[in-house]
Amino acid sequence: MIFSIIKKIEKLIYGHIDYEGQTKSEIFANIIVIFFSIAAYAIGFLQQNLIITLFIFIIGIITSILVIVPPWPIYNMHPIKWHRGKVSKA
């Protein structure tokens, strides 16, 4: 039982993502950081509190890291299909 849990965690940590998954993760990172930056600025400006601004921005960075860094299955939906090499008869 413990080994199956360890295998699942290992698969999640050492997983791979394809090229389209890299593009998706970059888009997600940009959207998350821009959204939280605008929200942090607006709320911080309305509250006139820099600590709130920084706190919201840090939450956005942490959210971005949690969405982007692990190789989620959504990032590996289009694996590369390699062609077989030709075997030469010598």
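Could you please find all residues in the stretch 6-23 being among the β-branched types (Val, Ile, Thr) and free of Cβ contacts under 8 Å to residues at least 12 places away in the same chain?
ILE6, ILE9, THR23
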Original post:
For the stretch 54-90, how many residues meet the condition of being assigned to a loop (DSSP other than H, G, I, E, B) and either more than 20 Å from GLY21 (Cα to Cα) or in contact (Cβ under 8 Å) with a residue 60 or more places away in the chain (or both)?
Top reply: 11
**OP:** Please work out if PHE3 is exposed (fewer than 10 other Cβ atoms within 10 Å of the Cβ), part of a helix (DSSP H, G or I) and aromatic (Phe, Trp, Tyr).
**Re:** yes
Subject >> Residues satisfying the stated conditions in the stretch 24-53, i.e. in contact (Cβ under 8 Å) with a residue 12 or more places away in the chain and either of a type in the set (D, E, K, R) or closer than 30 Å to HIS78 by Cα (or both) >> reply: LYS24, SER25, PHE28, ALA29, ILE32, VAL33, PHE35, PHE36
**OP:** Being among the hydroxyl-bearing types (Ser, Thr, Tyr), surrounded by 12 or more Cβ atoms within 10 Å (Cβ to Cβ) and more than 30 Å from ALA42 (Cα to Cα) is the filter here, so list the residues in the stretch 55-90 that pass it.
**Re:** TYR75
Original post:
Within the stretch 11-49, how many residues are hydrophobic (A, V, I, L, M, F, W, C) and either loosely packed, with under 11 Cβ neighbours inside 10 Å or not in a helix (DSSP H, G or I) (or both)?
Top reply: 4
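FYI, it's all coordinate maths here, none of it is from the lab. Because the structure is predicted, anything quoted here is derived from the model rather than measured. Cβ atoms come from the backbone with ideal geometry, glycine included; neighbour counts cover every protein chain shown.
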